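Quick notes on the structure that follows.
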Amino acid sequence: MTKKNEKLGLVLEGGGVRGIYTAGVLDRLMEEGISFDGVIGVSAGAIHGCSYMSGQRGRSIRYYLKYSRDHRFMSMRSFITTGNVVGVDFCYHELPDRLDLYDHDAFLKNPIPFYVVCTDVKTGKPFYKRMTDMKKEIDYLRASASLPYFSRIVKIGEERYLDGGCADSIPLKAFEELGYGRNLLILTRDGSFRKKPEKRFLSGFYHRYPAFKKALEKRHECYNEQVEYVCKREEQGDAFVIRPSSPLRIGRLEKNPNEIKRVYDIGYADCEKQIGALKKWIST
């Protein structure tokens, strides 16, 4: 068992649009004023973690509902014309800088460390980037959420990255190694879910990056082992988990605002049900 004085972390799983569940949980946490010593997010978890870090409750669901059907936000049209199913200029520049302003000042003033997970396509290993300036380092956030097959490889200097979930979908062990001994995890799959093997012909798309190709082929093994580890740490009392009580049944690229709001509301309600137990766990 960990001790009460160990650092308290928040770990956010990804999952494409399914991650709007996480936004619902985070908004309820913000209403309650619950904070952490550090936050780490993967893919959609990193995206929604940004609004948590800037204290902008309601921002994620607001812009998802407003722009989900805009082809510039996320669409096959964007994928066909740019190679990215998520519109890079629109989502990572126009939206946060003009249409629904991201509070960069609040992020810069927030002393809580915020990490995003990317996958290095050269090595097939996870890369944990501590974000210190969301505007200057936006490409790391973009890389963390760049789905394989549906996104171009993100080039940052000499390095090449894609979705952090390819190498570390639930970075609980990584965060523990960084010193966060007690962690709240927000997962976007129900407790019975286990990932199935990748279709091998798909991973062949990355034949130029054999280590990354191998990571994709072993992703299900890694994910399922992580789920078991989360359950172990939960039983030991060192992890508190908020997860859907049943499958969310929403596509990774869902565009229907009603479906998006439905899943957000489930996240909010699930957190509401557990808020008392969570506070007790934090205080013990």
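The values are calculated or read from the model by the stated rules, or taken from the named source; none is laboratory data. In this text the structure is predicted, and so the values were computed from the model without any measurement. Positions of Cβ are backbone-derived with ideal geometry, glycine not excepted, and every protein chain shown enters the neighbour counts. Each accessible area value is taken on the protein alone, full model and side chains, heavy atoms only, with ligands, DNA and RNA left out. Shrake-Rupley method; radii C 1.70, N 1.55, O 1.52, S 1.80 Å.
If you check residue 114 against the conditions, is it in contact (Cβ under 8 Å) with a residue 24 or more places away in the chain, buried (at least 21 other Cβ atoms within 10 Å of the Cβ) and under 20 Å from the mean Cα position of the chain (by Cα)?
Numbers: in contact (Cβ under 8 Å) with a residue 24 or more places away in the chain: yes; buried (at least 21 other Cβ atoms within 10 Å of the Cβ): yes; under 20 Å from the mean Cα position of the chain (by Cα): yes.
It is true that residue 114 is in contact (Cβ under 8 Å) with a residue 24 or more places away in the chain, buried (at least 21 other Cβ atoms within 10 Å of the Cβ) and under 20 Å from the mean Cα position of the chain (by Cα).
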All positions within region 248-277 that are over 17 Å from residue 74 (Cβ atoms), out of contact with any Phe, Trp or Tyr (no Cβ under 7 Å at 6 or more places or on another chain) and not in a helix (DSSP H, G or I): 249
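Looking at region 154-173 only, could you name the residues that are crowded, with 18+ Cβ neighbours inside 10 Å and more than 14 Å from the chain's Cα centre (by Cα)?
Within region 154-173, the first condition is being crowded, with 18+ Cβ neighbours inside 10 Å, and the residues that meet it are 154, 160-172.
Answer for region 154-173, where residues must be crowded, with 18+ Cβ neighbours inside 10 Å and more than 14 Å from the chain's Cα centre (by Cα): 154, 160, 161.
Matching residues to (1) more than 22 Å from residue 281 (Cβ to Cβ); (2) in contact with a Phe, Trp or Tyr (Cβ under 9 Å, 6 or more places away or on another chain); (3) open to solvent by 10 Å² or more (accessible area, probe 1.4 Å); (4) not hydrophobic (A, V, I, L, M, F, W, C):
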| site | (1), (2), (3), (4) |
| --- | --- |
| 30 | no, yes, yes, no |
| 35 | no, no, yes, yes |
| 38 | no, yes, no, yes |
| 45 | no, no, no, yes |
| 67 | yes, yes, yes, yes |
| 79 | yes, yes, yes, no |
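Which one is modelled with the lowest pLDDT among residues in region 1-18 that are out of contact with any Ser or Thr (no Cβ under 6 Å at 6 or more places or on another chain) and closer than 20 Å to residue 74 by Cβ?
The extreme case among them is 16.
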Residue within region 176-193 that is farther than 28 Å from residue 121 by Cβ and either assigned to a helix (DSSP H, G or I) or among the hydroxyl-bearing types (Ser, Thr, Tyr) (or both) present: yes
